[in-house]
Amino acid sequence: MLGVEALGVYSVAWATSAGPLLFITAFTGRVGFAVFSHLQHDRPRLRRVFLSAMRVIAAAAMPVFLAAVVLTPDLVPVLLG
């Protein structure tokens with residue numbers, strides 16, 4: 001095992017990287033559940049709506065993650081000290 005310090009570093013890194021995704025999916029999960037349950041008997045429309053929702057989520061998430069990749073060297077010292 002790596003120890004308590006390594007676990008702490010891993011925990012902070014995971015929380016930092018997962019934060020934006022959890023923020024984006026929290027809203028879409030609540031709305032999506034209602035929409036998808038309403039469409040459960042219309043499979044072709046459900047498929048179209050689901051794929052459209054995934055495209056929108058990806059379009060919203062991709063710039064956030066790309067910005068994180070580019071800005072990481074500058075943000076890590078500021079955010080984590």
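Observations, loosely collected:
- MET62 being open to solvent by 100 Å² or more (accessible area, probe 1.4 Å), within 20 Å of the chain's Cα centre (by Cα) and not aromatic (Phe, Trp, Tyr): yes
- Residue check for VAL64: in contact with a helix residue (DSSP H, G or I) (Cβ under 7 Å, 6 or more places away or on another chain) and either among the polar types (S, T, N, Q) or over 21 Å from LEU22 (Cβ atoms) (or both): no
- Looking at GLY8, GLY3, just one residue is loosely packed, with under 10 Cβ neighbours inside 10 Å and either of a type outside the set (A, V, I, L, M) or free of Cβ contacts under 8 Å to residues at least 12 places away in the same chain (or both), and that residue is GLY3.
- Selection within segment 17-43: residues that are open to solvent by 80 Å² or more (accessible area, probe 1.4 Å), part of a helix (DSSP H, G or I) and not aliphatic (A, V, I, L, M). The member of this set that is nearest to LEU80 (Cα to Cα) is PHE23.
- Test: residue in segment 47-58 that is touching a Leu at 6+ places or on another chain (Cβ under 8 Å), of a type in the set (A, V, I, L, M, F, W, C) and assigned to a helix (DSSP H, G or I): yes
The values are calculated or read from the model by the stated rules, or taken from the named source; none is laboratory data. As the structure is a computational prediction, the values presented were derived from the model and not from experiment. Because the Cβ atoms are built from the backbone with ideal geometry, glycine has one as well, and the counts that use them run over all protein chains shown. For the accessible areas, the whole protein counts, side chains as well, though only heavy atoms, and no ligand, DNA or RNA atoms are used. Shrake-Rupley method; radii C 1.70, N 1.55, O 1.52, S 1.80 Å.
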